[in-house]
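**Q** Handing you a structure now.
FYI, it's all coordinate maths here, none of it is from the lab. All values reported here derive from a predicted model rather than from experimental measurement. Cβ placement follows ideal geometry from the backbone for every residue including glycine, while neighbour counts extend to all protein chains displayed.
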Ligand code: BG6
């Protein structure tokens with residue numbers, strides 16, 4: 001790997017995302033030689049920590065989860081860590097917090113190295129942070145800024161943030177994270193589709209009956225009410241992760257493996273999505289909220305009773321923890337092929353996958369048999385499974401039996417599957433935005449989501465309840481059931 005000389009300034013650097021995802025990923029980048037010897041990781045937060053406090057916190061909270069056996073490597077990583085106490089100014093003309101002075105002094109003289117600002121903080125701080133960094137003279141032509149999701153709550157909000165950040169950074173300097181794009185299976189989807197000849201001729205409405213994209217989680221939302229009440233499953237998961245997966249399944253072959261070529265094709269898919277609003281929203285979308293139930297044999301509370309500092313409000317009653325949508329890509333390749341999307345908290349288990357369901361054979365000469373199915377498993381157990389028909393050995397009647405041809409990444413490549421953030425941080429350091437969302441993509445995705453939200457809000461009814469530990473509300477099964485289809489469950 002190439003080590004990229006860059007300091008990384010993480011705004012919100014002591015928060016949950018930083019401690020759970022970014023710092024472990026950066027440790028692995030360091031171990032793999034992707035950080036230059038003098039690269040520093042500077043966490044910025046409002047907490048009054050000094051460098052030693054922050055290193056102690058990371059040592060106590062991050063190291064146990066890493067199984068980092070290499071003590072010298074871990075110490076080297078800790079020495080890269082610094083903490084600066086600073087906040088964004090209270091208003092446009094408010095004076096800068098004194099911490100910005102310290103940050104400026106720390107970064108002085110290193111203008112010619114790439115400098116990465118990672119904004120792991122709520123979206124309303126993105127604009128103010130960029131302005132403060134600019135006023136402090138920290139933004140150089142080689143700087144990059146990474147924006148965590150959610151990028152606003154709707155199209156207008158996303159445009160506002162994009163305008164604010166775009167006033168300081170050029171589009172080529174802006175990296176909008178969707179961590180699903182960093183997952184191994186997701187990148188493998190591109191290789192599967194565009195490095196194999198046999199799939200492309202059948203990758204269309206002639207041969208494919210429908211596509212299912214599921215991101216199910218068994219976790220609930222304890223302690224996240226403040227965020228989740230205003231997001232909900234549609235904004236939290238569908239607008240970004242699920243739509244990005246849909247794009248990669250549906251996009252046309254790009255002419256090059258190139259940042260703009262791939263993102264251009266994804267954008268075309270988003271622009272081809274059939275809008276869903278009004279009465280169609282009632283037919284083609286489902287929203288649910290979990291009530292008490294059992295997950296992994298353990299009794300768990302419903303969404304409204306999750307332990308949280310913030311008490312439930314009316315917004316809590318209306319927010320969806322489950323969403324399912326029957327989407328359609330209106331173009332030559334996909335006309336008439338439903339793309340079913342679903343995501344939910346407190347489902348029976350954590351399982352994210354893309355299922356491509358092929359049509360049945362045009363004429364069967366055997367009794368029995370089921371149509372082929374390709375399953376791309378994102379997690380757990382990353383891999384690709386193709387369900388084919390095979391003859392069961394024996395001298396009697398020939399009966400086709402469905403059997404999986406399975407590729408497990410762990411068993412095949414005997415390598416550690418890196419966390420999505422590792423891959424994406426390495427790409428930021430290398431300046432490669434291919435796996436990041438371009439402004440027009442994010443805005444096109446919001447443009448499709450907004451009318452669904454508007455219809456839900458104007459209906460004013462409550463999401464359909466589902467017991468924790470079950471597969472979502474009844475209506476989610478009917479969404480497929482009325483055309484004789486069913487959600488793919490574990491084989
Ligand atoms: C995040 C959402 O973007 O993705 C969370 O905000 C969700 O609500 C998470 O739990 C799921 O990510 P993963 O990688 O665990 O599937």
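**Q** If the chain between residue 110 and residue 257 were fully stretched, how many nm would it gain, using 0.36 nm times the residue separation less the Cα-Cα distance?
**A** 49.7 nm
**Q** Once label points are set 7 Å from the Cα along Cα→Cβ at both residue 124 and residue 410, what is their separation, rounded to one decimal in nm?
**A** Result: 4.2 nm between the two label points.
**Q** Per 0.36 nm of contour for each residue apart, how much would the distance between residue 399 and residue 204 grow if the chain were fully extended, relative to their Cα-Cα spacing?
**A** Taking residue 399 through residue 204 to full extension adds about 67.3 nm, to one decimal.
**Q** With only alpha-carbon pairs counted, each pair once and no self-pairs, how large is the Kirkwood hydrodynamic radius of segment 175-273 in angstroms?
**A** Kirkwood hydrodynamic radius for segment 175-273: 15.4 Å.
**Q** Restricting things to alpha carbons, find the Rg to Rh ratio for segment 328-413 using the Kirkwood radius for Rh.
**A** Working: Rg = 16.5 Å, Rh = 15.7 Å.
A ratio of 1.05.
**Q** Quick one: order 41, 449 by neighbouring beta-carbon count within 10 Å, fewest to most.
**A** The most exposed by this proxy come first: 449, 41.
**Q** Can you tell me the 0 to 90 degree angle between the C-alpha axis of helix 126-135 and the longest principal axis of the chain, rounded to 10?
**A** Helix 126-135 sits at roughly 30 degrees to that axis.
**Q** Which percentage, to the nearest 5, of the DSSP beta bridges contained in the chain is antiparallel?
**A** Approximately 55 percent, going by the DSSP bridge assignments.
**Q** Okay, moving on. Where in segment 168-198 does the amide nitrogen come within less than 15 Å of the point 7 Å from the Cα of residue 434, taken along Cα to Cβ?
**A** Residues 181-196 qualify, since their backbone N sits under 15 Å from the label point.
**Q** Take the alpha carbon atoms of segment 411-452, find their center, do the same for segment 283-343, and report the distance between the two centers in whole angstrom.
**A** Cα centroid of segment 411-452 versus Cα centroid of segment 283-343: 23 Å apart.
**Q** Next question. Round to the nearest 0.05 the FRET efficiency obtained for residue 457 and residue 296 when R0 = 60 Å and r is the Cβ-Cβ distance.
**A** The calculated FRET efficiency here is 0.95.
**Q** Further question on the same structure: Return one number: the angle in degrees, 0 to 90 and rounded to the nearest 10, between the long axis of the Cα atoms of helix 439-459 and the longest principal axis of the Cα atoms of the chain.
**A** With rounding to tens, the tilt is 70 degrees.
**Q** So for 470, 214, 140, fewest C-beta neighbours within 10 Å to most, what's the order?
**A** Taking fewest neighbouring Cβ atoms as first place, the list is 140, 470, 214.
**Q** Give me the extension gain from residue 360 to residue 194: residue separation times 0.36 nm, minus the current Cα-Cα distance, reported in nm with one decimal.
**A** 57.3 nm
**Q** Take every Cα pair under 8 Å in segment 1-126 that's 6+ residues apart, average their separations, divide by the length, and report that relative contact order as a whole percent.
**A** That works out to 37 percent.
**Q** For the chain, what is the mean residue ellipticity at 222 nm derived from helices alone (per DSSP H run of n ≥ 4: -39500 (n - 2.57); sum divided by total residues; nearest 500 deg cm²/dmol)?
**A** Estimated from H runs of four or more residues: -9500 deg cm²/dmol.
**Q** Just to be sure I understand the model, the point goes 7 Å from the Cα along the line to the Cβ. What's the resulting residue 227 to residue 482 distance in nm?
**A** Here the modelled spin labels are 3.5 nm apart.
**Q** Something else: In a Debye calculation with equal point scatterers on the alpha-carbon sites of the chain and no solvent, what is log10 I(q)/I(0) at q = 0.06, 0.09 Å⁻¹?
**A** So the normalised log intensities are -0.30, -0.67.
**Q** Calculate the radius of gyration of the Cα atoms of segment 218-318 to one decimal place, then report Dmax, the largest Cα-Cα distance, as a whole number, both in Å.
**A** Cα-based Rg and Dmax for segment 218-318 come out at 18.3, 52 Å.
**Q** On C-alpha positions alone, give me the angle between the axis of helix 259-272 and the longest principal axis of the chain, in degrees, nearest 10.
**A** Result, in degrees: 50.
**Q** Please list 426-435, 87-96, 326-335 highest first by mean number of surrounding beta-carbon atoms within 10 Å per residue.
**A** Per-residue mean Cβ counts within 10 Å order the peptides as 426-435, 326-335, 87-96.
**Q** Moving to a separate point now. Taking the Cα atoms of segment 390-491, what is the range of coordinates along each of the three principal axes, in descending order and whole Å?
**A** The Cα atoms of segment 390-491 stretch 61, 47, 27 Å along their principal axes.
**Q** Would you order 213, 384, 202 from fewest to most other beta-carbon atoms within 10 Å of each residue's own beta-carbon?
**A** Least crowded to most crowded, the residues run 202, 384, 213.
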